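Since the structure comes first, as structure tokens, the remarks are kept for the end.
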Amino acid sequence: MYYSKRIGQSVLVFLLALTVTFALYRMLPFGPVEMVRNHLMQQMIEQGSSPSPQQMERINAMVQTYTGIDPSKPWYVAYYDYLRNIIVYQDFGRSIFKNRPVFDILFEAMPWSLFISIYGLALGTTVSLLLGAVMAYNEGGTFDTGMTIFSIANTTVPYYIVAILSLIVFSFSLGWLPSGGRMDPNTTAGLNLPFIVGVVKHAILPVFSSFIAGFGGALAFRGNCIREMGEGYIRVARLRGISQGRIAIRYVGRNALLPVYTSIMMGIAGIFGSSIILETIFNYPAMGLVTYNALLNRDYPLIMGSFIFFTSITLLGILIADLTYGVIDPRVKGGSEREAY
């Protein structure tokens with residue numbers, strides 16, 4: 001029942017997001033549909049011809065091709081066609097400036113965004129959890145004090161500042177790493193060492209910046225560990241002679257992870273929002289840079305497609321957190337008890 005409810009809520013929110021994009025297309029005055037039509041008419045006028053009724057029909061057909069919405073149909077019929085095209089056929093329309101299907105553009109760019117975002121977040125989260133645990137077990141010591149100051153400074157400095165500074169130092173000043181792109185243009189794509197080395201070198205700075213963005217959980221995990229170590233069941237476990245390593249991992253670590261688990265899963269979704277800035281700084285051609293260029297060019301079909309993609313990723317991160325919480329915490333059977341509180 002719990003799983004069905006969560007999945008149903010996610011589907012409902014996704015449909016709401018599609019409805020919002022349809023409303024932006026169809027109902028706003030001077031919205032994307034009108035902008036696309038005006039753009040096509042302007043191109044025709046620049047070619048020295050005045051749009052005739054037959055040409056206007058052709059323009060309306062082209063508007064439908066680009067946006068996936070037929071402006072000549074009633075809104076409820078167009079809404080049904082819009083949902084069907086996206087859900088059944090994965091047809092998000094056609095990019096105005098790239099003149100390619102939006103889904104193909106985003107689908108090609110997404111693996112590169114996943115590559116730099118997931119690796120950066122995974123490294124940042126893993127290191128922050130390990131440091132938080134070590135800080136908790138050395139509470140009040142030199143290491144704890146120093147890492148606390150560093151963690152506070154890290155959370156106050158925006159990740160894009162780190163990205164700009166790392167670009168200036170390691171690319172422009174030292175010349176160790178490339179300043180843009182996602183691969184070496186002089187290599188052939190495939191499973192060969194030069195290509196792989198080029199991909200890794202181009203990804204180091206974006207991954208490092210994503211690592212910094214995902215590094216903020218050390219202090220929260222430290223506080224959770226300290227609180228758990230003060231619980232009575234930990235003292236009982238020590239009296240029973242259970243090894244310190246088992247207590248640290250099985251009892252303290254696992255229970256301290258629970259309050260930050262949902263935040264970690266939300267971080268997977270949130271890091272894609274930051275990728276727009278990150279990929280623009282490093283000129284890394286992936287989802288973020290594609291979206292930014294679409295905004296600059298007023299490529300509305302591509303903008304709306306990116307919005308749907310980012311919404312889907314966010315919903316997926318929240319859904320995974322909800323569905324797996326019961327696995328992390330056996331006391332919560334599918335999350336139903338958690339809802340009771």
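The values are calculated or read from the model by the stated rules, or taken from the named source; none is laboratory data. All values derive from a computational prediction rather than experimental measurement. Backbone-built Cβ (ideal geometry, glycine too); neighbour counts: all protein chains shown. Heads up: the accessible areas ignore ligands, DNA and RNA and are worked out on the full protein's heavy atoms, side chains in. Shrake-Rupley method; radii C 1.70, N 1.55, O 1.52, S 1.80 Å.
Scanning the range 166-201 for residues that are small (Gly, Ala, Ser), part of a loop (DSSP other than H, G, I, E, B) and more than 19 Å from residue 116 (Cα to Cα) yields a single hit, 175.
One line per residue, one yes/no per condition, for (1) at pLDDT below 75; (2) part of a loop (DSSP other than H, G, I, E, B); (3) crowded, with 21+ Cβ neighbours inside 10 Å:
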position: 44; (1), (2), (3): yes, no, no
position: 49; (1), (2), (3): yes, yes, no
position: 54; (1), (2), (3): yes, no, no
position: 80; (1), (2), (3): no, no, no
position: 131; (1), (2), (3): no, no, yes
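Residue check: residue 99 meets all listed conditions (1) modelled with pLDDT of 70 or more; (2) over 31 Å from the mean Cα position of the chain (by Cα); (3) not in a helix (DSSP H, G or I) but one, namely (2). Has the range 210-221 got any residue that is in contact with a helix residue (DSSP H, G or I) (Cβ under 7 Å, 6 or more places away or on another chain), surrounded by fewer than 17 Cβ atoms within 10 Å (Cβ to Cβ) and of a type in the set (Gly, Ala, Ser)? No, there is no match, as no residue in the range 210-221 is in contact with a helix residue (DSSP H, G or I) (Cβ under 7 Å, 6 or more places away or on another chain), surrounded by fewer than 17 Cβ atoms within 10 Å (Cβ to Cβ) and of a type in the set (Gly, Ala, Ser).
In this entry, residue 197 is excluded by the filter for residues that are modelled with pLDDT of 75 or more, touching a Gly at 6+ places or on another chain (Cβ under 6 Å) and either farther than 30 Å from residue 248 by Cβ or open to solvent by less than 50 Å² (accessible area, probe 1.4 Å) (or both). Among the residues that make up the range 226-245, is at least one of them of a type in the set (S, T, N, Q) and assigned to a helix (DSSP H, G or I)? Within the range 226-245, one or more residues are of a type in the set (S, T, N, Q) and assigned to a helix (DSSP H, G or I).
Going by the conditions given, is residue 104 among the acidic types (Asp, Glu), assigned to a helix (DSSP H, G or I) and within 21 Å of residue 286 (Cα to Cα)?
yes
Among residues of the range 152-180 that are open to solvent by 70 Å² or more (accessible area, probe 1.4 Å), those with a beta-carbon under 7 Å from a residue that is in a loop (DSSP other than H, G, I, E, B) and among the hydroxyl-bearing types (Ser, Thr, Tyr) at least six positions away or on a different chain give the pairs 172/179.
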